[in-house]
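Have a look at the structure below, then the notes.
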Amino acid sequence: MKIVVAIKQVPGRDAPLRLTADGRWIDEGALDYVINEPDAYALEEALQLKEQHGGEVIAVSVGPERVGSTLREALAKGADRAIHVVSDSLGMLDSLGVAHVLAEAIRAESPDLVLTGLQSDDLGLGQTGVILAELLGLPHTTLVLHVEKTGSGIRVKRELEDGWFQHVELLLPAVLTIQSGGNKLRYATLMGIKKAKAKETRTVSATTPAAAATVELLRVLLPEKQKQTRLLTGSPAEIAAQLVEKLRAEVHVL
């Protein structure tokens, strides 16, 4: 089974955030970058399928030169090879544009299965995977927690609302977006890091997407820190009643 995993490099969650002068994005100068966590779960699902059924896992990512470190991490964890689609204009592409770039790289591989994370930690749009499936003309399903190989295809477990789950069977090839938490993520071992140095990373140039951006990011705002003090008066019973009402109606914790 040949499995392609689309991974994205995102700013680390603990990285200091400062806005650019025009306020349209964050200043990337002082950031450290990591693999997008939902994509890490997609990679783990692919590696487990490979361990059970054999085959090949290919990591593909779009971005500037620094994306190479994230691809090397994927190789160290067990991916067999990587494809780096070089693009310094990733921030100017919307989900449709990114999906076009990924589709062009993935189509040439003719994979049995394409996995992506459910969404990215930086933008959180949750659209690239399903648009990618449409562009590739493949069946897809989302919110996948577990994938099981069957005789004619795969059977997946999807997470629904209110603790419900759904099992869906799909023919291959197919595209799945993986929900975080379905597996325990592995760490790259020292041996894996050494082996990664000998694994192939193919670099290709991103061509202009077939469709112009349909979404434009106009401004990014940092969360405002607010402090507010309210003095409750009355008898202890009255103060307790007021406190309970505010927790229920304003803070929404009751």
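Bear in mind these aren't lab numbers, they're just calculated from the coordinates by the rules spelled out. Values in this document were obtained by computation on a predicted structure and should not be read as measured data. In this analysis, Cβ positions are derived from the backbone assuming ideal geometry, glycine residues included, and neighbour counts consider all displayed protein chains.
Data overview
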| read-out | value |
| --- | --- |
| Among beta bridges that DSSP assigns inside the chain, antiparallel share in %, nearest 5 | 35 percent |
| Charge tally in the Cβ shell below 9 Å around S61, where Lys, Arg are +1 and Asp, Glu are -1, S61 excluded | 0 |
| Sequence-distant aspartates and glutamates (8 or more away, or on other chains) whose Cα lies within less than 15 Å of K246 | E238 |
| Acute angle (nearest 10 degrees) that the helix 37-53 long axis makes with the longest principal axis of the chain, alpha-carbon atoms | 40 degrees |
| Rotationally averaged projected area of the range 1-120 (alpha carbon convex hull; nm²) | 7.4 nm² |
| Full-extension gain in nm, L123 to T201, via 0.36 nm per residue minus C-alpha separation | 25.4 nm |
| Förster-model FRET efficiency, 45 Å R0, F165 and T233, C-beta, rounded to 0.05 | 0.35 |
| Protection proxy ranking of 223-230, 235-242, 72-79 - average other beta-carbon atoms within 10 Å, highest first | 72-79, 235-242, 223-230 |
| Solution diffusion estimate, µm²/s, Stokes-Einstein, the range 169-209, Kirkwood Rh from C-alpha pairs, 10 °C, viscosity 1.306 mPa s | 107 µm²/s |
| For the chain, calculated [θ]222 nm from helices alone, where every DSSP H run of n ≥ 4 adds -39500 (n - 2.57) | -8000 deg cm²/dmol |
| Inter-label distance, nm, simple model (7 Å from Cα along the C-beta direction), L31/A108 | 2.7 nm |
| Cα Rg over Rh - the chain, Kirkwood | 1.08 |
| Helix 95-107 axis, angle to the chain major axis (alpha carbon atoms, nearest 10°) | 20 degrees |
| 14 Å cut-off, amide nitrogen to a point 7 angstrom out along R219 Cα→Cβ, residues in the range 12-39 | 20-25 |
| Overall form of the range 126-254 per C-alpha gyration tensor (a/c, 1.5; a/b vs b/c) | prolate |
| Principal-axis tilt of helix 236-246 within the chain, Cα atoms, nearest 10 degrees | 30 degrees |
| T177, T116, T142 arranged by Cβ crowding within 10 Å, fewest neighbours leading | T142, T177, T116 |
| Inter-site label distance for Q242 and E148 at 7 Å from Cα along Cβ, in nm | 5.8 nm |
| Relative contact order, percent, the chain [alpha-carbon distance under 8 Å, six or more residues apart] | 23 percent |
| Violating pairs (Cα-Cα greater than 32 angstrom) within the set K8/K195; K184/K227; K50/K194 | K184/K227 |
| Ellipsoid semi-axes in whole angstrom, largest first, where each is sqrt(5λ) of the Cα gyration tensor of the range 3-72 | 30, 11, 9 |
